[in-house]
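Worksheet: one structure, shown below.
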Amino acid sequence: MKKRLLFVALIPMMISVMGCQGNKDYFTYWEKRSVLFKLIDYVNDVTNKNSVNYIPVEDRIATFDMDGTFVGELYPTYFEYNLLEYRALEDPTYKDIAPQPVVEAAYQIRNHVREGASLPSDFDLIHGRAAAVAYSGMTIKEFDDYVKAYAQKTPYGFEGMTYATSFYKPMLQIFDFLEAHDFTYYVVSGSDRYLCRALVDSIAIPSNRVIGMDVSMKTTKQGDQQGVKYNMEVGEDVIRGDELLIKNLKTNKVFNISQEIGKVPVLSFGNSSGDQAMHNYCKGNTKYKTETFMLIADDEQEDHVNLEETARRKAIWEENNYNIISMKDDFKTIYGYNVQKVPFPWENN
C-alpha cells in the first residue's frame, strides 16, 4: 500500500519532468534523453514560484536563431542564399536587368552549392549588400509575396516538403512548451528581417518578435530626401532601399536584442558561430538562471550534412558549455515522417 501511495505521489513529478501538462505531451517528436530533460527541468524550475530560481513572467525571454535552428539550413546553403540565386539567375522579371554585383554574388552561391567552391570569408556582407540591391524598390507586401511564392518550391535534395514547410518539427514543439509556461520568444536571425517574417508567418510567430538583417527603407515619393526631412503622405507605401544597414550576426545580434527587446534573454537557441555572442549574452545574465542550446546537424539519414564541420562545431560548443541538441540522437524525425532526403539534382548529371 505504501509503495502504491508513493507511486501516486510521484506521478505529478514524472509528468512535469516529461514535459507534460494534463494529457498533453509537448515533445512527441523527441527522444526522451538528457538534453530534453535539461530543458524541461530548467523551465519547470524557473516557473515554479517556490523556487529560488523563479523568473517573473515579464523576464522570461527566449531567443532563437532561425536557419539551422528551427528552419532547415538546407545544407550546403541557406534559404536566403537560394532566393538570391533564383532572383539574379532565373527570375524572368529580373535576371536580364540584375546589376553585376548581384549576379556575381549569385554565381558564388551557385558554384559553392553545386561545385563545392569556397565562399569568400566576408560573404555574409557580400550577400547582404547584393540582397539589398536585388529587392530594392519592392514594397513590403511585394517582398513578402515574393518570398512566400518562392517558398512553395521544393528544396534541393528533398521530397515531401517545400521551403515553406521546412521546419524542424521537434523545435516547433519547444515554442509551444515555452508559450505554455509564459515565455516570450523572439527570432533573432542573420537573414533579412522581412524574409524571416514571411517564412514564420505560417507558424504564427508575430512579426514584431522577428529580428534580422536590415536594409534601408524609403517611401514611394520620398526620392533622395532624408527621412528626417521628409513627411510621408497619406497613401504612400514603404519600399525597400538598396543599402545594407546591418547584418545581424555575432555581436550585432546582441546589439539588436538590447535595442529591440530591452532585456537580456534567459534562454537561447542556435546552431552556428553567428549565435555564440547571443548565447554568451544570455549566459552573462547575472539576475537569473540561464541555459543555452546549440543544435548539431549529424543525421545523415534525414538531412544533408557535413560531418567534419559538425564535429568541429560540436567541440567548440562543448568547450563553451552550451547544451548540445543532436538531430540524430535527440530527434525522432527532423522534418516529418513523410519527408525524404534524395540526391541533389546536379549529382545525377
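Laboratory data are not the source of any read-out in this text; all were calculated from the coordinates shown. Remember, predicted model here, so these are calculated numbers, not experimental data. Every residue, glycine as well, gets a Cβ built from its backbone with ideal geometry; the counts of neighbours run over all protein chains shown.
Sequentially through region 146-161, phi angles give Karplus couplings (6.51, -1.76, 1.60; θ = phi - 60°) of 5, 4, 5, 5, 5, 5, 7, 6, 7, x, 3, x, 9, 10, x, 8 Hz, Gly and Pro residues having no value and appearing as x. Remark on residue 185: its backbone amide H falls under 5 Å from those of 62, a criterion applied only to residues 5 or more positions apart or on other chains, H modelled at 1.01 Å from N. Between the labelled values [x] 21.3; [y] 16.5; [z] 25.6, the entry that holds mean projected area of the Cα convex hull in nm² as derived from this structure is [x]. For residue 331, nonlocal amide neighbours, meaning residues 5 or more places apart or on other chains whose placed amide H falls under 5 Å from its own, are 31.
Under the criterion of Cα pairs below 8 Å and six or more residues apart, the relative contact order for region 79-145 equals 32 percent. Partner lysines whose Cα lies under 17 Å from the Cα of residue 229, excluding those fewer than 8 positions away in the same chain, are identified as 218, 221. Its DSSP H runs of at least 4 residues, each contributing -39,500 (n - 2.57), put the calculated 222 nm mean residue ellipticity of the chain at -11500 deg cm²/dmol, to the nearest 500. Under a 5 Å amide H cut-off, with hydrogens placed 1.01 Å from N, residue 238 pairs with 140 among residues at least 5 apart or on other chains. Dipole of the chain computed with +1 at Lys/Arg Cβ and -1 at Asp/Glu Cβ about the Cα centre; of 88, 48, 196, farthest Cα towards the positive end is 48. Restricting attention to the chain, close to 40% of DSSP beta bridges with both partner residues there are antiparallel.
Computed 3J(HN,Hα) for region 29-39, one whole-Hz value per residue from the Karplus formula 6.51 cos²θ - 1.76 cosθ + 1.60 where θ = phi - 60°, is 9, 10, 6, 7, 10, 4, 5, 5, 4, 4, 5, glycine and proline marked x. For region 44-126, the list of GluC sites (Glu not before Pro) that fall in a loop by DSSP and count at most 13 other C-beta atoms within 10 angstrom reads 90. Based on Cα contacts under 8 Å between residues 6+ apart, the chain shows a relative contact order of 22 percent.
Counted by neighbouring Cβ atoms within 10 Å, the residues 314, 247, 49 run from fewest to most as 49, 314, 247.
What relative contact order, as a whole-number percentage, does region 148-189 give when Cα pairs under 8 Å and 6 or more residues apart are counted?
Values: 20 pairs, mean separation 9.6, N = 42.
The normalised contact order for region 148-189 reaches 23 percent.
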